[in-house]
Amino acid sequence: MQIVFIGPPGAGKGTQAERLADYLQIPNLSTGDMLRVACQQQTAVGKQAAKFMESGHLVPDHLVEKIVLDRLRDPECERGCILDGFPRTLSQAAELDVWLEQYLQPLTVALEIRVPEEELLKRLDARGRGDDNRETVRRRMQEYAELTRPLVAYYRERDLLQVVDGVGTTDEVFTSLQRVVDAVKS
């Protein structure tokens, strides 16, 4: 089961991806975590990615694709995985499609966690992470709108998109995700 998570910063993708990975017994591949590990291990790609991350810019598609697609080759991912944070752009989505087709592992579903912007801003303020200052939040929301939101139409056109209301308790959102995933896997 190959699953893509889509949603803006603060939607709860990371939390829900972890829970869904446990439920399905497949790995959760968080792009952010993979990038941080590559940087810490000072791999060739990690060193290149670190330059962008340290300056607060998005890591270019080709570097992200290299890290994620290499990770998808791990035996651990043979039964599927959850991709949290990838694809982020239409270009990455197209590259993922090519890879999945090549390895005969079609995408099962793209899950969009939808949350109104006012709620997102409230959540990000409450979260209080160091990288969540107002300027950074605005930039990340704008990047999401420009780069990632087009994935919603991309996956809708392929009949792969399922939208889940991200407002509610963590358990309520997870129950909605479980229902969607159980329906698509049966």
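The values are calculated or read from the model by the stated rules, or taken from the named source; none is laboratory data. All figures in this text were calculated on a predicted structure; none of them were measured in a lab. As a convention, Cβ positions derive from the backbone with ideal geometry for all residues, glycine included, and neighbour counts pool all protein chains shown.
Of the residues Val4, Val59, only one is surrounded by 20 or more Cβ atoms within 10 Å (Cβ to Cβ), closer than 22 Å to Ile113 by Cβ and of a type outside the set (S, T, N, Q); which?
Val4
For the condition surrounded by 13 or more Cβ atoms within 10 Å (Cβ to Cβ), farther than 25 Å from Gly56 by Cβ, more than 18 Å from the chain's Cα centre (by Cα) and not basic (Lys, Arg), what is the one hit in Val109, Val184?
So the residue among Val109, Val184 that is surrounded by 13 or more Cβ atoms within 10 Å (Cβ to Cβ), farther than 25 Å from Gly56 by Cβ, more than 18 Å from the chain's Cα centre (by Cα) and not basic (Lys, Arg) is Val184.
If you take just the helices (runs of 4 or more DSSP H) that sit entirely in the range 94-186, which of them hold at least 3 residues that are closer than 20 Å to Tyr23 by Cα?
170-185
Would you mind stating whether Ala153 is at pLDDT 95 or above and under 19 Å from Glu65 (Cβ atoms)?
no
With the condition being within 16 Å of the chain's Cα centre (by Cα), I'd like the helices (runs of 4 or more DSSP H) fully within the range 1-59 carrying at least 2 qualifying residues.
Ranges flagged: 13-24, 31-40.
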